[in-house]
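Inspection log for the structure reproduced underneath, given as structure tokens.
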Amino acid sequence: MRITQNIIYNTYINDIMRGQESLFKLNLQLSSGKKLNAPSDDPALTSKVINSKTLLSGIEQYQRNIDLGLDYLSTAEQALGSVKDVLGLIQESAVTEATGTASADSRKGAAINVTNLYSQLVDLANTHDANQYIFSGYETDTPAFTSAGVFQGDGNKLGIKINSSAAVTIGINGGEVFAGSSGGIDVFQTIQNLITALNANDSNGIKTSITDLDTSFKQISNAVSDIGGKVNWLKNSRSEYDTSRLDLQTQISGYEDADLTKVISELQLGQTALQAAMTSAGMTFNVNIFD
């Protein structure tokens, strides 16, 4: 094949252009710290990065759901813990006033005290977090109970998704826990009955209230235990996701991150090669047919 001046010229130009393109990519890797700066850099590896980042995004969303659930359950657990404390005080008062040494006057005084504690319970049952009433079901903008202990929410329970196929109920329904709508006892009605018995100096009514208060306390305690189980479940899931997220982040880093030591070495070699090519081209094109 006859080698013409144009062939030589084009060969040099193509070599120099490839060298400049290679240096451009290496400089881009050095400045960004990434070996993948465009899908065209490595389409197969880019696909792996996209898939891994999609998985990572899903994990991070589930983690946000779990964090939301843990905050919600923590608020409910604290509120119900305080409810147990108040119920304990009411139980003590009822036991004291059920004895034969109690008088009508002492029972009226106890009724005033229990009435105040009752108001505290209503406030706790209307606990809200981020302007949402946590015991109202889906009616989160409505206080769960009136001052008379009437439930105003609905029968629903808030839930969160923790993976593609599993959801955890984080809502604690006030109708079930306080009003006994699922077959339990009405805590507020029990206390109202005690107040009535105390004011009426009704020892039998007070004794009956003691039994109902014990049932009420167990009902609240069961709700707290249920919360504890869900908290453990969510924390374990959170921990597993932490491990998975770290593994994916390491994997993505391995796909994307440039080996800067290697890049600098290749950059230096490329610059030397390009300079040599340009020098050679300059010498070649300075030679004419008469030389």
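The values are calculated or read from the model by the stated rules, or taken from the named source; none is laboratory data. Since we're looking at a predicted model, the values are computed, not measured. A quick note on method: Cβ atoms are made from the backbone with ideal geometry, for glycine too, and the neighbour counts reach across all protein chains shown. Only protein heavy atoms, including side chains, enter the accessible area calculation; ligands, DNA and RNA are left aside. Shrake-Rupley method; radii C 1.70, N 1.55, O 1.52, S 1.80 Å.
Some points to look at:
- Intensity falloff of segment 55-150 expressed as log10 I(q)/I(0), Debye formula with alpha-carbon point scatterers, at q = 0.14, 0.19, 0.20, 0.24 Å⁻¹: -0.66, -0.93, -0.97, -1.16
- Model label zone, V95; criterion: amide N under 18 Å from point 7 Å along Cα-to-beta-carbon; scope segment 210-224: 210-221
- When the P(r) of segment 77-130 is calculated, the portion above 12 Å amounts to 66% of the C-alpha pairs.
- Using a probe radius of 1.4 angstrom, the carbon and sulfur fraction of the accessible surface of segment 39-117 is 56%.
- Solvent exposure of segment 216-258, expressed per residue, is 55 Å² of accessible area, with all protein chains present and a 1.4 angstrom probe.
- Gain upon complete extension [D154, D214; 0.36 nm per residue less C-alpha separation]: 19.0 nm
- Over 27 Å apart at the Cα level, from the set K84/K207; K207/K230; K84/K108; K48/K235, are K207/K230; K48/K235.
- Formal net charge of residues neighbouring D154 (Cβ-Cβ distance under 13 Å; K, R +1; D, E -1): -2
- Simple label model, 7 Å out from Cα along Cβ direction - D67 to S244, nm: 1.7 nm
- Computed from the Cβ-Cβ distance with R0 of 25 Å, the FRET efficiency linking S82 to T196 stands at 0.50.
- Cβ-defined net charge surrounding L117, 11 Å radius [Lys, Arg +1; Asp, Glu -1]: -3
- For G180, net neighbour charge (Lys/Arg +1, Asp/Glu -1) across residues whose Cβ lies under 11 Å away: -3
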